[in-house]
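Report on the following structure.
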Amino acid sequence: MGSNQKESWKENYKTYRILNYHIIKLRKRIEVLQLQLANYESQREEVKYANLKYSREQSKKRRDKIKKLKDAGCYSVTFAIESGNTYIREKMLNRYMNNEKIIDRCKMLREHGIKYRIFCMCGIPNETIDNMIETLDLCIKCKPLMGRISIYQPYPNHLLANEAIKLGLWDGKINDIKETYFEDSMLNFEASFKQNLRNFHRVFGFIVRYPWTRFLLKFLMKMPVNNFFERLYFEERKQGYRDLFNVSNLYW
């Protein structure tokens, strides 16, 4: 083999190694990659059937897990969906779960007689009133025994906290962080938005418990802050804890 041939062989081998590396890397990121042109229609139906079969198998596994929890004596569960807006939930909170799956999992819990409480959050930087209402509507669809919502509070060096600083909603002073996230927002929202936010927080659990009152939401949000909202909030919370744990003095 001449020197030119050796050099050419080395370059080809190097190219092969690089290409092979990227193919392996690509295969790790993509579970199945098939490019088939022949019989496309029939193969597409096969793929749809395989996906449906896989989905049903996964659903059965989840139901089996929930049944095992129930058989082991599980009485109630608590989980957080945080936001009913997909963009906020996925892009800002890094919680990758779609609304349909959330509702479906709640249905599974009900079918097995497991009580559940759902945590949500409002007052997130860049969140609008409509976004908050999306959260309420999703929680209503989930039909929890108790809907619990907190008001966003920034924590240093967190992505959302940095976003709040960038938007001019927080100055970054940790001494101003409140002891609880169930009272009011510490972000520099406009006064009218803060009032709407506070009232929304106070009536959230009540409306989740009694969905037929949903039509009153916007009217209630615009009302001046008063003791009625505080009383409604605490009474609903006590009722929720009685239903879930047979106690009425838990704070969280």
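The values are calculated or read from the model by the stated rules, or taken from the named source; none is laboratory data. Since we're looking at a predicted model, the values are computed, not measured. With ideal geometry, Cβ positions are generated from the backbone for all residues, glycine too; neighbour counts draw on all protein chains shown.
Do the conditions hold for residue 245, that is, is it aromatic (Phe, Trp, Tyr) and modelled with pLDDT of 90 or more?
Spelling it out, it is not the case that residue 245 is aromatic (Phe, Trp, Tyr) and modelled with pLDDT of 90 or more.
Screening the stretch 141-180 for residues that are under 22 Å from residue 242 (Cα atoms) and either in contact with a strand residue (DSSP E or B) (Cβ under 8 Å, 6 or more places away or on another chain) or among the acidic types (Asp, Glu) (or both) and picking the one that is surrounded by the most Cβ atoms within 10 Å (Cβ to Cβ) gives 144. Of the listed requirements (1) assigned to a helix (DSSP H, G or I); (2) in contact with a strand residue (DSSP E or B) (Cβ under 7 Å, 6 or more places away or on another chain), residue 184 misses just one: (1).
In the stretch 193-215, how many residues are in a helix (DSSP H, G or I) and exposed (fewer than 13 other Cβ atoms within 10 Å of the Cβ)?
Number satisfying all stated conditions: 2.
Against the test of being among the hydroxyl-bearing types (Ser, Thr, Tyr), touching a residue at least 40 places away in the same chain (Cβ under 8 Å) and loosely packed, with under 14 Cβ neighbours inside 10 Å, the options 87, 75 yield a single qualifying residue, 75. When 156, 224 are checked against the criterion of being outside any helix (DSSP H, G or I), at pLDDT below 95 and farther than 23 Å from residue 130 by Cα, 156 stands alone in meeting it. Does residue 110 qualify as being under 23 Å from residue 205 (Cβ atoms), among the charged types (D, E, K, R) and either at pLDDT below 90 or in contact with a strand residue (DSSP E or B) (Cβ under 6 Å, 6 or more places away or on another chain) (or both)? Judged against the criteria, residue 110 is not a match.
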